[in-house]
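Some notes on the structure that comes next.
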Amino acid sequence: MKLISYVILGAGPAGVTAAETIRSLDKNGTITMIGGDPEPPYSRMAIPYLLHGSVKEQGTYLRQAPKHYEALNINYRHGKAGGIDTKSKQLFLANGDVVLYDKLLIATGASPIIPKVPGTQLPGVHSCWTLSDAREILKLADKGAPVVLVGAGFIGSIVLEALHQRGCDLTVVEVAPRMVARMMDETAGGMLGRWCTAKGVHVLTGTKVEKISEAAGANGATLSVGLSNGTSVPAKLVVLAAGVRSNTGFLVGSGINVNYGIHVDNTLQTSAPDVYAAGDCCEAIDISTGKPDMLAIQPVAVEHGRLAGMNMAGKVTPHRGSLNMNVLDTLGLISSSFGLWQGAPGGDQSKMIDEEKFKYLKLEFLGDKMVGAQCVGLTDHVGMLRGLIQTGLHLGVWKERLMESPERLREAYVEVSQGTAARGAHVNAPVAKVA
């Protein structure tokens, strides 16, 4: 029997999970995993922990055991994609090498978007996306150093945490009217902004960076960041966290269908036979909408990798959809959003707000199902919200109760998950107040 040659392009969470899954199902096929970075496969989400010193570089590696990939007979090599010929099943690397495959997984992830403003190539201006970036940032992010962080989305807010813990004099510049605008509404994003301000971070929302120029200043500043409000901010370090874009440029001419990300079917196969895609570079099903979307979060990448690996190895397993879910720790304030957090057309919503204590709970309903949620300052609600939204359980009588008292979420979760809600059990149960 002919041995299958599996090639995995990308060595992030999706690629590593796929390689391990394939090996668990096919003990004999050859597996080649190609990573774009010279280091062992690592997690980009661990880089902020490296910045504030809670882990060393090895702590960012996806697998800690020595010779993990060798033990699984997975050949890991460094290289970057240059193109694919899907008819002859050849992968062309940027260095001129040609890799033949029987089955190919594209798990190339994403790259940071560099704002189109003058000065982004100056010394002291860096993205925070690779271990190489982290090494450069660590040279400049000293205690008391003036630092400008461009972007307060999900990734920017994680980097914010690390820079604040290093004791930097931090200014955050965000073009949106609030922090984390793609995962939180005005109330929640406003809470995060006020919380960061109270912790000593200068937060400027609704503000653009117009230019970055060289200029000597106090505390080692070598840069000046010009803003749309007419002011300028001195900086020793400027960190760009203005979003990411899928790495799909090498697919031009391949015949593989690409929109913002790579189109896949419910087995994560692309429009080309025996070519699959997973993680931040592909558009797979969002369980809340039933439509293709890009959910660029690590749990989804791992899920994609597992399913793609199973299907590549011949164990056909359909992808039923992933849940859009973000959980963020911003200087000790936990915030999260799930599913259709902006609400569904024709749906209902309920809110609980405590501005003084930085607590917020917002539930989104369609019929008697919970379809989305946001919360701030409520750490014990994450699992319950995820469970109710992802399973699509009917809330029955609990829909109206939650409309009146969203803080009764815990009661609702227990009864609905046990199947007692429809029978109207415990109508007069005591209210479980949110801590």
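Read-outs throughout are calculated quantities, based only on the coordinates presented, and are distinct from any laboratory measurement. As the structure is a prediction and not an experimental result, all values here were calculated from the model. Don't worry about glycine lacking a Cβ; one is built from the backbone with ideal geometry, like all the others, and counts go over all protein chains shown.
Worth a mention:
- Note on Lys236: lysines with a C-alpha under 16 Å away, same-chain residues under 8 apart excluded, are Lys139, Lys143, Lys211.
- Average silhouette area of the range 125-242, convex hull of alpha-carbon atoms, in square nanometres: 6.6
- Packing, taken as the mean count of other beta carbons within 10 Å per residue, orders the peptides 15-23, 216-224 from highest to lowest as 15-23, 216-224.
- The range 67-187: Cα Rg divided by the 2.2 N^0.38 Å rule of thumb: 1.46
- Rg/Rh (Cα only; Kirkwood hydrodynamic radius) as it applies to the range 195-317: 1.19
- For the range 9-108, the normalised intensity computed at q = 0.11, 0.14, 0.16 Å⁻¹ comes to -0.36, -0.57, -0.72 (log10 of I(q)/I(0), Debye sum over alpha carbons, equal scatterers, no solvent).
- Here is the tail figure for the range 332-423: Cα pairs spaced more than 23 Å apart come to 15 percent of all pairs.
- Interchain or long-range residues, amide H under 5 Å from Cys168's placed H: Gly144
- Under 5 Å between amide hydrogens, built in the peptide plane, is the criterion, and for Leu268 it picks out His319 among residues at least 5 positions away or on other chains.
- Long-range amide H partners of Arg245 with built H, under 5 Å: Ser111, Ile113
- Dipole-positive endmost among Gln349, Leu393, Pro406 within the chain (Cβ charges, Cα centre): Leu393
- With a threshold of 20 Å on the Cα-Cα distance, the over-threshold entries among Lys27/Lys67; Lys67/Lys315; Lys80/Lys103 are Lys67/Lys315.
- Highest average first, the peptides 349-358, 95-104, 148-157 ordered by how many other beta carbon atoms sit within 10 Å of their residues are 148-157, 95-104, 349-358.
- Distance from the range 335-414 to the range 153-230 (C-alpha centre basis), Å: 29
- Annotation: extensible slack from Val117 through Asp380 equals 90.5 nm (criterion: 0.36 nm per residue apart, minus Cα-Cα distance).
- Listed by chain and number, the aspartates and glutamates whose C-alpha is less than 12 Å from the C-alpha of Lys208, apart from same-chain residues fewer than 8 away, are Glu174.
- Per residue, the convex hull volume that the Cα atoms of the chain enclose (Å³): 159
- Extent along principal axes [Cα atoms of the range 219-268; Å; largest to smallest]: 54, 23, 22
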